Structures are given as structure tokens and as C-alpha cells.
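The values are calculated or read from the model by the stated rules, or taken from the named source; none is laboratory data. Computed from a predicted structure; not experimentally measured. Neighbour counts run over all protein chains shown; Cβ positions are idealised from the backbone, glycine included.
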Amino acid sequence: MILPVVKYGHPRLRQKGARIEKITPAIRQLIDDMPETMYAASGIGLAAQQVGHAWQLPVIDVREARDRPSTLEWNGKPSEVAAHMPIVLMNPQLTPAGNAVAGPEGCLSFPEIYADIVRPELVDVVAMNEKGERIEFHCGGLLARAVQHEADHLQGLLFIDRMDAVTKKELKPQLDELQAATKAALKKRDG
């Protein structure tokens with residue numbers, strides 16, 4: 001089922017995600033619905049907060065982004081990225097590796113807003129997959145950027161929090177308009 005993606009200004013986006021200790025039927029349904037929602041919105045990543053749930057649960061699929069390559073080492077061996085997509089990362093733990101580099105980012109909760117964000121170019125990840133199994137991998141390129149972007153969501157951090165001051169000032173009118181529209185829609189819904 002395609003879920004509504006919450007936009008900037010929705011309080012859920014600032015909520016830290018709870019650890020998933022058990023894969024309940026509700027979590028299983030979310031794991032099933034999130035990739036479908038992400039694809040419908042033409043995204044490469046989606047965190048549970050973006051569909052209204054405060055869990056440590058993102059999904060990622062970078063296969064369609066051919067202009068921005070990714071690298072992947074799975075259990076210490078080079079691996080084909082596409083073989084692991086979409087990837088579910090419950091309770092992910094990230095360890096940055098490599099130099100910090102700027103790269104373009106967008107976010108499904110910020111339609112039509114993009115900026116260069118500085119992040120480590122490589123990252124080591126330990127998480128649980130959709131079966132509750134421990135997975136470990138090392139990634140670079142777009143996959144590393146997407147993993148870090150989604151992991152930020154799980155902590156209530158948004159990509160605008162990582163923008164430099166000049167960029168954020170330039171985007172302020174768009175951000176203010178989006179936030180106001182979201183808050184107005186919430187008020188009308190709850191009203």
C-alpha cells in the first residue's frame with residue numbers, strides 16, 4: 001500500500017525512532033509498504049518518520065540512479081549493489097569512513113528542494129534486515145550518502161540541518177512556505 005509521505009513542518013520528522021526489538025505484524029506491514037511508497041514518490045530512500053512512524057527503519061534502493069554510482073562490500077567482499085536492493089536497515093549503526101565530500105541531496109519530505117550536503121564518502125553499516133538477521137556492509141558513493149541521510153531521519157535530523165548557512169538562507173522562502181503549508185494542513189485535519 002502506498003502511504004502518504006509527511007512534509008517538512010510535520011512534527012513526526014523531528015522524532016527520534018524507537019529501536020525495533022521484535023518484528024510485529026505492524027512492522028512487517030511497514031516493511032512491505034515503505035518500498036512501494038518510495039518507488040511511487042520516485043525516491044531512493046525513505047525512513048519510517050517520513051510515513052508517520054517513529055521507528056528505526058529506513059529502506060533504500062539506489063539501482064535507478066545510474067549517474068551517481070555506488071560501491072558495496074558485503075561481509076568484507078566486493079558485491080553487486082543491485083543484488084541487495086531494496087535494502088531494509090532496522091536499527092542501523094553507522095561508522096563514517098573516508099573523507100567528507102559535498103554532494104547533491106534532496107528529500108521526499110522536501111519536494112523540489114535540493115542542496116549540496118557534506119558527508120563522509122564511505123560508511124560502515126551494521127543493521128538488521130527485514131528477516132531480523134544481522135547484516136554488515138561497507139559502502140560508498142550514492143549508497144553511502146543515502147544510508148547517512150536516512151539514518152539522520154531516525155535521529156530526527158533533516159538534511160536542512162546539514163546545509164551551510166548561505167544555502168539555507170537562499171532556500172528560506174521555499175522552506176518557510178512548505179512548513180506553513182504543512183502546518184496549515186495539519187491544523188485543518190485536526191481542526
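A few points about this structure:
- Against the test of being more than 28 Å from Leu122 (Cβ to Cβ) and touching a residue at least 40 places away in the same chain (Cβ under 8 Å), the options Gly17, Gly52, Gly45 yield a single qualifying residue, Gly52.
- Count of the range 151-178 residues, restricted to those that are part of a helix (DSSP H, G or I) and surrounded by 15 or more Cβ atoms within 10 Å (Cβ to Cβ), is 11.
- Exactly one residue out of Ala97, Ala127 is modelled with pLDDT under 95, closer than 26 Å to Gly76 by Cα and not in a helix (DSSP H, G or I), and it is Ala97.
- Residue match in the range 56-76 (condition: within 12 Å of the chain's Cα centre (by Cα), of a type outside the set (Val, Ile, Thr), crowded, with 18+ Cβ neighbours inside 10 Å and assigned to a strand (DSSP E or B)): yes
- Unique residue being closer than 19 Å to Val62 by Cβ, out of contact with any Cys (no Cβ under 6 Å at 6 or more places or on another chain) and of a type in the set (Val, Ile, Thr) when the list is Val166, Val118, Val101: Val101
- Within the range 91-100, being surrounded by 15 or more Cβ atoms within 10 Å (Cβ to Cβ) and either under 14 Å from Cys139 (Cβ atoms) or in contact with a helix residue (DSSP H, G or I) (Cβ under 8 Å, 6 or more places away or on another chain) (or both) holds for Pro92, Leu94.
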